[in-house]
Each structure stands twice: as structure tokens, then as C-alpha cells.
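**Student:** Quick one: the structure is below, questions incoming.
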Amino acid sequence: MLVLGIETSCDETAAAVVDERGGVLSDVVHSQIAVHAPYGGVVPELASRDHLRNAEPVIARALGDAGVRLADIDGLAVTCRPGLTGALLVGVQLAEGLSWAAGKPVVGVDHLVGHIVAAFLSRPGVASSVPELPFVALIASGGHTALYRVDSLELAGVRELGGTRDDAAGEAFDKVAKLLGLGYPGGPVIDRLAKNGDPSRVAIPAPMPERDSLEFSFSGIKTSVARFVEKNGAPADVAALSDLCASFQRRMVDVLVKKTIVAARRERISTIVLGGGVAANRELREAMSHACALRELRAVVPPLSSCTDNAAMIAFAGVQRLAKGENDAGRIEVSPTTSLPRVTRKGRGRRG
Ligand code: KG4
Ligand code: ZN
């Protein structure tokens, strides 16, 4: 079975061809970073227009790289939520159109389910190990940060254990980078600077939620950095900037790792999976692997290309539904929110 995946939920136009076992035949990602960078964040209207310009050539390249034509594909999968409405509509309309023209089934996929199943992708020439079910997934991206218990690779098999009460982890990286004049997106540049910094130089207090809670709060960490800059002025040189980035990143990673371990313990699960753009962070990858090794837990840390936004993960999430004969053709709706039930609402703390 071959599935064409299409992803346009935010600032990456992506298409990929994946087989039923998660083998990646092609994976094309066109980044819009240059379009949004001057504004310090994603501008929704510009995102939609850029997706419109690039979606068709990106899809053509994904088919070409895989050495197949649309007629060879068994079905399509497209991100339909969560994301920017206008951006999502571009991908969904294209997928529906291709499905209609080629007479192939198409399914709508939740982007977060894509991040969760990304650990199952196998890429030619890239060593990766596949997790066994059940596992605890930490999905940390620019728009979402939550812990999930995953019993199967479909929507019904995924349960949120706790999420962020305020900023997503990637959002905190992006906001701190903006504050320090480091540009957008913030994660990769902070990651790079932190490498040469001393994480003990700046005291960043731990966030409020109780130690055993599975909810995150990152806005306080971001505010600590802002207060430090207010009080001491912007870092005078690269060394001071690196120390501040290292201190911020150490606190972020510490919280993410500790809560994930608490979740695994509580669920009595021994496999932990990382996903989402923040899972590309060097220190998070190392710290999670190290913390798991100490506790005889297994950490599955996918290659960078499977952590950041891509369409291969969307195609493989689609495989799970298409293989069962499901078809959403003609009735895929887009939504800014995830379809995964939440236990934590942003800004509202724990419900119920
Ligand atoms: O999953 P993703 O590619 O897109 C969303 O679904 O949001 O995640 C993008 C986020 C951005 O906030 C970016 O700053 C962050 O992931 N990110 C990182 C790193 N690479 C990307 N954060 C920390 N360290 C990194 N190396
Ligand atoms: Zn994402």
C-alpha cells in the first residue's frame, strides 16, 4: 500500500509517499521560514498564499522522488487539524481534488497523531528503532505540548495525560529568541548557542505546577528570562548570550524530562517516545535518553527529519485508517483545534 501525505497546517508545505510499514519513499518539505522571519512569527495570510504557490510543485516532487505517479498511489492523507484555517484549507482542497480526479480514497489526519506515529517511520540510510505499544509520548512543538498514553496508532488509542496551561514549549523557545533578538524560529538558534554556554550562570526558577502534576507551564520560565534582561540589560557578548540560552534551555529540558518520567511511572509504561519540533533539541534528546537509561526505561528518539513538521508522518497516520477501508472523500473539514480529548485547557488549568 502506498499513501501520499500532504501537510500545510502551519509554515511548512510538505508532501511524502510512505508504504504500509512506515517506509519513507519520499519526503519533501518546503519551509516558509524566510517568508515569516521579518515578522518574528507566522503570518496566517502569508502562510496560505505561500502554500498555494508551493503545494502543487511539492506534491509533484514527492511523487517524482518516490518514482511513482498519482495512479500508483492507493490513497491520500491530509492534515485537517489543528492549524491555521486558511493554511489547512489549501492542503485539504488539493487532497480532495486529487482524490476526486484519480478516484482514490482520502482521509483527514490530526497533525498531533502524525507527530505521535512519526517514531514508526523508517528512512533509507537512517538508523532508527521502532517503539513497542503501549508507550508514553511527549509531543512538544510550536503550538502544542502534551504527554500522551498511546495504546494503538489511531485516534481512539491516544489519551492525553496532561498538557501545557499556557505556552507550548516551542512557543517559549520562539518568544525567548524574539526577546533576545535572535530571530524566528527560536529553537534551533537557542539550541546552537546553548551548546557553548554555562547553564548554571543564570538562575531560572522552576515553574509553578506541582512536581507530580503532568501539566506544564512555560510562561514563567520565559518571564524569568525577560526579567533578567530588564534587570541586567541585553547580554553584552556571545559568551553572556550563550550562558543565558544555556540556562533557559536547561530549565525547559529539565521540566520536559521530569514530567515525562513521572508519566511513564504513573502509567507503568517502560517506553517513552519523543515527537514534535522541540524533540529536535540536542539537549532534550540527550537528557531524555540519559534519564531513561538510568531508570531502565526505553527512550525512542526519532531522527530530526521525523520530529519537525513533515508529511511522511501524516501519510503513515493515514495508512492506519486507509488500511481499514476508511474514506473521508468529499467531507473533510478543517479545524484550528485537535480532535484528541484534552485534560488540560490552555489558560484554564485542569478541568473537572
Ligand atoms: O513540530 P514543529 O515543526 O511545528 C509545529 O507543529 O509547531 O515545531 C516547531 C517548533 C518551533 O517552535 C521551533 O522553535 C521548535 O519547534 N524547534 C526547536 C528546535 N528545533 C525546532 N526547539 C528547541 N530546539 C530545537 N533544536
Ligand atoms: Zn508539528
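Let's see how each residue does on (1) outside any helix (DSSP H, G or I); (2) of a type in the set (A, V, I, L, M); (3) touching a residue at least 12 places away in the same chain (Cβ under 8 Å); (4) open to solvent by less than 50 Å² (accessible area, probe 1.4 Å):
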| residue | (1), (2), (3), (4) |
| --- | --- |
| 236 | yes, yes, no, no |
| 241 | no, yes, yes, yes |
| 245 | no, no, yes, yes |
| 249 | no, no, yes, yes |
| 261 | no, yes, yes, yes |
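**Student:** Okay, next question. Which of the numbered conditions does residue 138 fail, given that it passes all the others? Conditions: (1) within 14 Å of the chain's Cα centre (by Cα); (2) more than 16 Å from ligand 1 (Cβ to nearest atom); (3) not hydroxyl-bearing (Ser, Thr, Tyr).
**Tutor:** Of everything listed in (1) within 14 Å of the chain's Cα centre (by Cα); (2) more than 16 Å from ligand 1 (Cβ to nearest atom); (3) not hydroxyl-bearing (Ser, Thr, Tyr), residue 138 misses just condition (2).
**Student:** Let me ask something else about it. Taking region 138-162, which residues are in a loop (DSSP other than H, G, I, E, B) and more than 16 Å from ligand 2 (Cβ to nearest atom)?
**Tutor:** Taking region 138-162 and keeping what is in a loop (DSSP other than H, G, I, E, B), we get 141-144, 151-154.
The answer is 151, 152, 153, 154.
**Student:** Can you spot a residue in region 92-99 that is open to solvent by 10 Å² or more (accessible area, probe 1.4 Å) and under 18 Å from the mean Cα position of the chain (by Cα)?
**Tutor:** Scanning region 92-99, I find no residue that is open to solvent by 10 Å² or more (accessible area, probe 1.4 Å) and under 18 Å from the mean Cα position of the chain (by Cα), so the answer is no.
**Student:** Related question: Of everything in region 270-287 that's touching a strand residue (DSSP E or B) at 6+ places or on another chain (Cβ under 9 Å) and farther than 22 Å from residue 143 by Cβ, which residue is least open to solvent (accessible area, probe 1.4 Å)?
**Tutor:** The qualifying residue least open to solvent (accessible area, probe 1.4 Å) is 271.
**Student:** Looking at (1) assigned to a loop (DSSP other than H, G, I, E, B); (2) acidic (Asp, Glu); (3) away from ligand 2 (no atom under 16 Å from the Cβ), can you tell me which one residue 167 breaks?
**Tutor:** Condition (3) is where residue 167 drops out.
**Student:** Scanning for something open to solvent by 30 Å² or more (accessible area, probe 1.4 Å), within 16 Å of ligand 2 (Cβ to nearest atom) and either more than 30 Å from residue 16 (Cα to Cα) or of a type in the set (S, T, N, Q) (or both), does region 312-324 turn up at least one residue? Reasoning before the result, please.
**Tutor:** Our first condition is that a residue be open to solvent by 30 Å² or more (accessible area, probe 1.4 Å); within region 312-324, this holds for 320-321, 323-324.
Filter again for within 16 Å of ligand 2 (Cβ to nearest atom), leaving none.
Within region 312-324, not a single residue is open to solvent by 30 Å² or more (accessible area, probe 1.4 Å), within 16 Å of ligand 2 (Cβ to nearest atom) and either more than 30 Å from residue 16 (Cα to Cα) or of a type in the set (S, T, N, Q) (or both).
**Student:** Turning to a different aspect of this structure: Is it fair to say residue 261 is at negative phi and under 22 Å from the mean Cα position of the chain (by Cα)?
**Tutor:** Against the criterion (at negative phi and under 22 Å from the mean Cα position of the chain (by Cα)), residue 261 qualifies.
**Student:** Let me ask you something else. Strands (runs of 3 or more DSSP E) wholly in region 1-78 with at least 2 residues that are over 18 Å from residue 104 (Cβ atoms), within 15 Å of ligand 1 (Cβ to nearest atom) and under 18 Å from the mean Cα position of the chain (by Cα) - which ones?
**Tutor:** 12-19, 24-31
**Student:** Which of the numbered conditions does residue 232 fail, given that it passes all the others? Conditions: (1) in contact with a strand residue (DSSP E or B) (Cβ under 9 Å, 6 or more places away or on another chain); (2) open to solvent by 10 Å² or more (accessible area, probe 1.4 Å).
**Tutor:** (1)
**Student:** If only one of 113, 90 is among the β-branched types (Val, Ile, Thr) and more than 16 Å from ligand 2 (Cβ to nearest atom), which one is it?
**Tutor:** 90
The values are calculated or read from the model by the stated rules, or taken from the named source; none is laboratory data. From a predicted model like this one, the values you see are computed outputs, not experimental measurements. Because the Cβ atoms are built from the backbone with ideal geometry, glycine has one as well, and the counts that use them run over all protein chains shown. The area values use the complete protein model at the heavy-atom level, side chains included, leaving out ligands, DNA and RNA. Shrake-Rupley method; radii C 1.70, N 1.55, O 1.52, S 1.80 Å.
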